[in-house]
Every structure is written in C-alpha cells, then in structure tokens.
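The block underneath contains the structure these notes are about, expressed in structure tokens.
Since every read-out is calculated from the coordinates, none of them should be taken as a lab result. Because the structure is predicted, anything quoted here is derived from the model rather than measured. Cβ sites come from the backbone with ideal geometry, for glycine too, and all protein chains shown count toward neighbours.
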Amino acid sequence: MRACALLLLLLLAGPALADPRCAPSSDFLAATRPLPIMAHALGAGTLRVLVLGSASVTGPGGSGPDAAWPARLQVLLAEAYPGRTVEVAVRGGRGVTVQDHLALLRAEATSLAPALVIWQAGTVEAARGSDLEEMSDALQAGLDRIRRRGADALLMDMQWSRFLRANANTEAYRDKLRLAAAAAGVTLFRRWELMEEWVDSGFLDIERTPPGERRAAIDRLNDCIARALALTLAEGVREALGR
C-alpha cells in the first residue's frame, strides 16, 4: 500500500516550471481531458509518445532538433517522473498534411505502440486553403484509429503567426480542430491562443525579434511550448487518477 501511495504522489507531482511566464492559465488547464492510458503507462514504468506534426516538430530556426518542443517534452517528462522511461518519437515535417499523418498512423501506431499520440494539425491546411471537410474527416478517422489502438490522444492547433493570420482563414481551421477534439473527447492544446497571449504580453514575439536574437528566441519558444504541454499532460494524468 505504501508503494502504491508513493507512486500516486509521484504521478500527481507533474513537471516543474522554470519560467512562470510559460504557464498556461487555470482556465486553459481546466479544459484538459483525462489521460488514463498515459497514467497507466507511467505507473507501469515506460511511457511511449508519438508526435505527429508539420514543420515545428523538427525545430526549424532554432539551435537544432534537441531544442524542438518534442525533444524538450521528453526531457521534461523524464524529469517530472523519475525512474520512468520516457520515449518520444517524432513523425512529420515541413509540408506534411493531416492526410499524410493518417497514413503514418496506420503504420506507426502499430509498430511503436504509443500510450499517447500528440497530433499537431491544421497549419499546412490553413496555409494552403485545403478543404475543411477533408481535413475534418481525416482527423476523425485518425482519432478513432488512435482510440482503437489503445492510446490516448491530444490535438494541438497551429502556431500563432501574423503572416498566417493575415493570409489564411485560420479561425475556420481552428474551429474544425475544436470540433474534432470535442467529438473524440480529447484535449485540444490551444497553441495559437497561448502564443498570442505571449505576444500580447510582450514575453515572446518571434516575428519582431531582431535577426541576431531569433535563434535563441525560437529555442525559448519551443521550451515554453514543451513546458506548457507537460503541465497539460500532468493535469490529464491527475484527472485520470481522480486527483
């Protein structure tokens, strides 16, 4: 019983936050859905995470792949849950669409057997003006496949950008992501909203950072995304364990 109690306390502890300005609001975290498969995997000792996404999953513009948010997330989760093995696999890259992700899921969800799939979607579709219903159908099919493979899922929307906001109907694509997450009963990590808050507060504004400082700023952005995501995942574990 003592060992079980200590394990529960460990799983509820969650990650530390080095810079409080990275922290999402309590309202942001309140929308987190339970992550029972992730909680079970942590309890069993090994957490495998599959990240699907477009360019940002590889960390372009920063100091390298180790500074990308998926790599930072792996480090943060390993620190938050010591004694557990945390593996984060990344699939995707620049120009990769939701339809491409669906094809990847058919292969990778079986071979990697992840407990959690983090699916960053919508950026490429919004930039290209792709068909909204086709994207929605692919999201629904992918989330259903993840569920049937016995994994938790978390959707992430696009990265905030003045250029994208001015040249694409981003709200329509974000609406489809919200609807897909709600229909599947999974969390939508609202990266667009979070980054917009950081810009408005003057904390992080990549597009207005001087060129000589941009690489460090992108690394800081990736780290903050990873920290906010780690806190969201920890909240999902707490929800699954009944706090």
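Relative to the current alpha-carbon distance between Phe203 and Arg215, full extension at 0.36 nm per residue lengthens the span by 2.8 nm. For Asp152, the amide hydrogen comes within under 5 Å of the amide hydrogens of Ile37, Met38, Leu116, Val117, counting only partners 5 or more places away or on other chains and with H modelled in the peptide plane.
Taking a ≥ b ≥ c as the square roots of the Cα gyration tensor eigenvalues, segment 25-79 comes out oblate, since a/c reaches at least 1.5 and a/b does not exceed b/c.
Using only helices, what value at 222 nm comes out for the chain when you add -39,500 (n - 2.57) per DSSP H run of length 4 or more and divide by the total residues, to the nearest 500 deg cm²/dmol? If you can, show how the numbers build up before the last one.
Working: 11 runs with 134 residues, N = 243.
It comes out at -17000 deg cm²/dmol, rounded to the nearest 500.
Rounded to the nearest Hz, the phi-derived 3J(HN,Hα) couplings of segment 172-189 under the Karplus curve 6.51 cos²θ - 1.76 cosθ + 1.60 (θ = phi - 60°) are 5, 6, 5, 4, 5, 5, 4, 5, 5, 5, 5, 5, 8, x, 10, 6, 9, 7, where x marks glycine and proline.
Our summary of shape: the Cα atoms of segment 113-243 have principal axis extents of 47, 38, 24 Å, ordered from largest down, in whole angstrom.
Based on C-alpha pairs under 8 angstrom that are at least 6 apart in sequence, the chain has a relative contact order of 31 percent.
Taking every pair of Cα atoms in the chain, average 1/r, invert it to obtain the Kirkwood radius, and report Rg/Rh to two decimals. Write down the numbers at each step before the final one.
On the way: Rg = 17.2 Å, Rh = 18.1 Å.
That ratio is 0.95, to two decimals.
Using R0 = 35 Å, the C-beta based FRET efficiency linking Arg162 and Ser111 works out to 0.35.
Can you give the convex hull volume per residue for the Cα atoms of segment 173-243, as a whole number of Å³? The partial results should precede the final answer.
Numbers: hull volume 7.2 nm³, N = 71.
Dividing the Cα hull volume of segment 173-243 by its residue count gives 102 Å³.
Here the Karplus curve 6.51 cos²θ - 1.76 cosθ + 1.60, taken at θ = phi - 60°, turns the phi angles of segment 22-35 into couplings of 6, 5, x, 5, 5, 5, 4, 5, 5, 7, 6, 8, x, 10 Hz, with x standing for Gly and Pro.
Between beta-carbons, use under 13 Å as the cut-off and find the net charge around Gly150, counting Lys and Arg +1, Asp and Glu -1.
Working: positive: Arg48, Arg145, Arg147, Arg148, Arg149; negative: Asp144, Asp152.
Every neighbour counted, the sum reads +3.
For Leu47, the residues 5 or more places off, or on other chains, whose built amide H falls under 5 Å of its own are Thr85, Val86, Glu87.
Taking amide H positions as modeled 1.01 Å from N, with prolines and chain starts lacking one, the residues under 5 Å from Phe189 and 5 or more places away or on another chain are Leu155, Met156, Asp157. Counted by neighbouring Cβ atoms within 10 Å, the residues Tyr173, Tyr81 run from fewest to most as Tyr81, Tyr173.
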